[in-house]
Each structure stands twice: as structure tokens, then as C-alpha cells.
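The values are calculated or read from the model by the stated rules, or taken from the named source; none is laboratory data. Being a predicted model, the structure only gives us computed values, none of them experimental. Ideal geometry is used to build each Cβ from the backbone, glycine not excepted, and the neighbour counts take in all protein chains shown.
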Amino acid sequence: MMSNHHFPQFEAKASCADYDPEWWFPLEVGGKSKAWSHTPEANKAREICKDCPALMECRNYALAYSGLAGIWGGLDHQERTKLQEKLGITPIFMLDTYPTGFFSLMKPEGVPLSNE
């Protein structure tokens, strides 16, 4: 069983804490189009990321795990995937860090989990 070590430890010094979180999580419309991650708000988020004291910690976190939505360390999902491939990083699926059965405790009564 893997332990749950994926929670970011850099949030206290991250610049994004002072802004609207939705800027980093714009709606991902258009399938594989990059338009969703270059909305005016997402572009503001990217600019804030550039000068963030936690930029590299955030980016390293995002490169270590898959299954993250939005902009992390100034990169969207497609950019992170390309960088993971270039650097030879095989990310861990974030939800796999939880103990088996963890999410069954939170599911609504009568709703099966995807693997049931």
C-alpha cells in the first residue's frame, strides 16, 4: 500500500494563494485544444507563476503526479505531459497514493465505484 504523500507542502509560500483559484483551473473545453489554458484569466495565472517563490516546487510536484487538472508551475496538462516525456519522468497517478478502498468511504449510497 502506498502512503498519501502527494499533498503540496509549498502552498504557504505560493503566490497563487492571494488570487482567484479559478484562474489556475479554467474550464477545459475544446478537447485537446490549448485555448482553455490561454484564457485571459489563465494567462494572468501564468504571469503570477513566473515570479512565484514556489514555482519549481509546484512544477516538480505537478511533474511527479498525473491526474492533476489546471495550471501547475506555470504549465498546463499538455505542457506537463510533454516535459515529463522529454525528461523521462513516469508520473504516479495521484489517486493511487490512497489506500485501497479509501474512496469507497466517500461514495454516495448505491453508486458503484468505477472498478465495481
> Among the residues of segment 19-34, how many are at pLDDT below 60 and touching a Phe, Trp or Tyr at 6+ places or on another chain (Cβ under 8 Å)?
Replying inline: 2
>> Just the residues that are surrounded by 12 or more Cβ atoms within 10 Å (Cβ to Cβ), modelled with pLDDT under 90 and not in a helix (DSSP H, G or I), please, taken from segment 71-104.
In response: P91, I92, Y98
